[in-house]
Amino acid sequence: MTIKFLSLAIAAGLALSAPAANAAVYSFTQTGFEEGAFISGTFEASDSNADLIIGGGTLNSIQEITAFTLAFSGNSLVQAFTHSFSDLTTLNYRPAKSFFGDANPEGMASNWFGSTGFFYVGGTAVAGEQGGYVQNIDTGSWSHSENLVYVTPAAVPVPGAVWLFGSALAGFIGAARRKKS
């Protein structure tokens, strides 16, 4: 009886602690702009069509990205700016890699074709070359980097159910040992 109950508790605990098929959060950076400026940001996405490429934005037919932020640190050529999900024009990324922008169809663009503010393009798919650049649309000034965009999946927190399950399992094992002796 105790073994059956313990097996049931283990199965329930594993079911509660198994990660759901939710979108992953990715952080990205691109360094190498003039005067030490850099791009940083995050996006949340899942490869819903299982083609090994995450894609989204106003130019993409597939919408696998659900959140996006981008920030340029700024320099004397282009001042600091930020973009949000509504500015995302396109983003194509292969999650098997820790970087993108060196091969088609990889690339990212935000506020591309915008009429005011700032835009960013990077990668061979959108910039036509490795690297990227930002531009102040109002003044025409721009800053360039030849570096790739590096991507890191965000750490996934351990759900509280795992900790509860572990302590319950230890209690069941202790109770079973006491009962045997």
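The values are calculated or read from the model by the stated rules, or taken from the named source; none is laboratory data. Everything numeric in this text was worked out from a predicted model, so none of it was measured. Heads up, the Cβs are rebuilt from the backbone with ideal geometry, glycines too, and the neighbour counts pull from every protein chain shown.
Is it the case that region 9-31 has a residue that's over 16 Å from the mean Cα position of the chain (by Cα), within 30 Å of HIS144 (Cβ to Cβ) and modelled with pLDDT of 95 or more?
yes
Go through (1) out of contact with any Leu (no Cβ under 7 Å at 6 or more places or on another chain); (2) over 23 Å from ASP138 (Cβ atoms) and name the single condition LEU77 misses.
That leaves (2) as the condition not met.
Considering only region 50-76, state which residues are of a type in the set (S, T, N, Q), within 12 Å of the chain's Cα centre (by Cα) and more than 22 Å from TYR133 (Cα to Cα).
Passing the criteria: only THR66.
Does region 169-178 contain at least one residue that is out of contact with any Ser or Thr (no Cβ under 9 Å at 6 or more places or on another chain), modelled with pLDDT under 90 and either among the charged types (D, E, K, R) or buried (at least 17 other Cβ atoms within 10 Å of the Cβ) (or both)?
Within region 169-178, one or more residues are out of contact with any Ser or Thr (no Cβ under 9 Å at 6 or more places or on another chain), modelled with pLDDT under 90 and either among the charged types (D, E, K, R) or buried (at least 17 other Cβ atoms within 10 Å of the Cβ) (or both).
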